[in-house]
Amino acid sequence: MARYDVNPGAVARCRDLIDAKQYVLESDWGQVQPGADAQNSFLAHHTWQEYGAWHLGLTEGATDETKARFGFVYGDFRRVHRTALIACVYRASEWRHKKVELVAHDLLQRLDETAGIS
């Protein structure tokens, strides 16, 4: 099983987007999460660093500048999705990636507080 480190640049980017109210509160993450075509399109116009800023996890031992390097996407390359953060918490918890789970949980709480969800 892959192991993940927290991607500090992605955490900072996600916080910035939440603070700027660039988020979607209700979505079907299974339908709107970026698939291979959307990822390739994003990479055609952006750097690997920009791509990585959308992923809370960095795969230990994976080669830089590959999709395999990144995990736990939290948005659609434009906005944070609340359902994506929930998926990150769930998946990280399920596979015992505790550090990623906790940072995703903290970001979810920040989003909820910013959006006035109690």
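The table for this structure:
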{"item": "Inverse mean reciprocal Cα-Cα distance (Kirkwood Rh) of the chain, Å", "result": "14.2 Å"}
{"item": "ARG110-ASP37 pseudo-label distance in nm [points 7 Å out on the Cα-to-Cβ vector]", "result": "3.3 nm"}
{"item": "Between region 85-118 and region 1-20, the Cα center-to-center distance that results, in Å", "result": "11 Å"}
{"item": "Per residue accessible area of the chain, 1.4 Å probe, in Å²", "result": "58 Å²"}
{"item": "Order by protection proxy (mean Cβ within 10 Å, highest first), peptides 102-115, 70-83, 21-34", "result": "70-83, 102-115, 21-34"}
{"item": "The chain, accessible surface, carbon-and-sulfur percent (1.4 angstrom probe)", "result": "47 percent"}
{"item": "Projected label distance in nm at ASP64 and ARG15, using a 7 Å step from Cα toward the beta-carbon", "result": "2.4 nm"}
{"item": "Convex hull of Cα atoms in region 38-90, direction-averaged projection (nm²)", "result": "3.7 nm²"}
{"item": "Region 24-48 and region 59-73: distance between their alpha carbon centers, rounded to Å", "result": "16 Å"}
{"item": "Positive minus negative residues near LYS67 (Lys, Arg vs Asp, Glu; Cβ under 15 Å)", "result": "-3"}
{"item": "Pairwise FRET efficiency - ALA2 versus GLU94, Cβ, R0 = 22 Å, nearest 0.05", "result": "0.95"}
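The values are calculated or read from the model by the stated rules, or taken from the named source; none is laboratory data. Just so we're clear, the structure is a prediction, and the values are computed from it rather than from any experiment. So basically every Cβ, Gly included, is an ideal-geometry build from the backbone, and we count neighbours across all protein chains shown. Areas reflect the complete protein model, heavy atoms only, side chains present, ligands, DNA and RNA absent. Shrake-Rupley method; radii C 1.70, N 1.55, O 1.52, S 1.80 Å.
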